[in-house]
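Data block below; observations after.
Read-outs: derived from the displayed coordinates by stated rules, not from any lab. Predicted, not measured: the structure shown is a model, and the values here were computed from it. Quick reminder, even Gly has a Cβ in these numbers, built from the backbone with ideal geometry, and neighbours come from all protein chains shown.
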Amino acid sequence: MAHLHTARILWESNSDNFTKNTYSRAHHWSFDGGQTVLASASPHVVRVPFSDPAGIDPEEALVAAISSCHMLTFLYHAAKAGFTVERYEDNAEGQMGKIAEGRLAVTRCTLKPLVQFAGKAPTRPELDHLHHLAHEECFIANSVKTEIICEPQGV
């Protein structure tokens, strides 16, 4: 099951002083479905005005991708188990830190999903099992070295 996924990244210079690091890090991400979004280096990494706080930074995108993949896999398993999910909200957090080689990385991603069910809701052990299955089968979680913690909220 090999699938090709694409993204177009476009950055254009706006500075005559590129070699002095005084250029904007703002750029655009375009996806095959037609969406284009503003992206930038994080203002925590590159100060404004050389970063754009309105843009999505790669670290945020990684956290969102992990959370989104976990959610989609969770929804699949919840439906398969006969539970009806009405709402799923996650206030995921990514933590930067140094890895063994001394370089910075997103070392931990904590998911905090709050799931609302219609009708019969899973017990806490059933809910934990659904999240475990989602984590084990999430394509993104299987693609990164980042530690991923799931702390289900509610119930």
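Please report the net charge: other residues with Cβ closer than 15 Å to the Cβ of Ile140, K and R +1, D and E -1.
Within the 15 Å Cβ shell, the charges total -4.
Among Thr22, Thr146, Gly94, which residue has its Cα positioned farthest towards the positive end of the charge dipole of the chain, with +1 placed on the Cβ of Lys and Arg, -1 on the Cβ of Asp and Glu, and the dipole taken about the Cα centre?
Looking along the dipole axis, the top candidate is Thr22.
Just how large is the dipole of the range 58-150 about the Cα centre, in debye to the nearest 20, putting +1 at every Lys and Arg Cβ and -1 at every Asp and Glu Cβ?
80 debye
Pairing the Cα long axis of helix 58-80 with the longest principal axis of the chain, what angle in degrees results, from 0 to 90 and rounded to the nearest 10?
The two axes meet at around 20 degrees.
Just need the relative contact order of the chain here, percent rounded to a whole number, with Cα pairs under 8 Å and 6+ apart.
Relative contact order, the chain: 17 percent.
Out of all DSSP beta bridges with both ends in the chain, state the antiparallel percent to the nearest 5.
Rounded to the nearest five, the antiparallel share is 75 percent.
Please give the charge dipole size of the range 1-85, origin at the Cα centre, charges +1 on K and R Cβ atoms and -1 on D and E Cβ atoms. Round to the nearest 20 debye.
Taking the Cα centre of the range 1-85 as origin, the dipole is about 140 debye.
Compute the long axis of helix 124-137 from its Cα atoms, compare it with the longest principal axis of the Cα atoms of the chain, and write down the angle in degrees, 0 to 90, nearest 10.
Compared with the principal axis, the helix lies near 40 degrees.
Once you charge only the Cβ atoms, +1 for Lys and Arg and -1 for Asp and Glu, what is the size of the charge dipole of the chain about its Cα centre, to the nearest 20 debye?
160 debye
Shape of the chain from its Cα gyration tensor (a ≥ b ≥ c, root eigenvalues): rounded if a/c is under 1.5, otherwise prolate when a/b > b/c, or oblate?
In terms of gyration-tensor shape, prolate.
Could you tell me the largest-minus-smallest coordinate of the C-alpha atoms of the range 58-150 on each of the three principal axes, in descending order and whole angstroms?
Sorted largest first, the three principal extents are 49, 20, 19 Å.
Can you put His135, His44 in order of Cβ neighbours within 10 angstrom, beginning with the fewest?
Lowest count first: His44, His135.
Taking the inverse of the average 1/r across all pairs of different Cα atoms in the range 7-86, what Kirkwood radius in Å do you get?
14.9 Å
So how many Lys-Lys pairs in the chain land under 27 Å Cα to Cα, not counting same-chain pairs under 8 apart?
Here the count comes out as 7.
Could you tell me which of Gly55, Ala2, Ser13 has its Cα farthest along the dipole of the range 1-154 towards the positive end, charges placed at Cβ (Lys, Arg +1; Asp, Glu -1), taken about the Cα centre?
Highest projection toward the positive end goes to Ser13.
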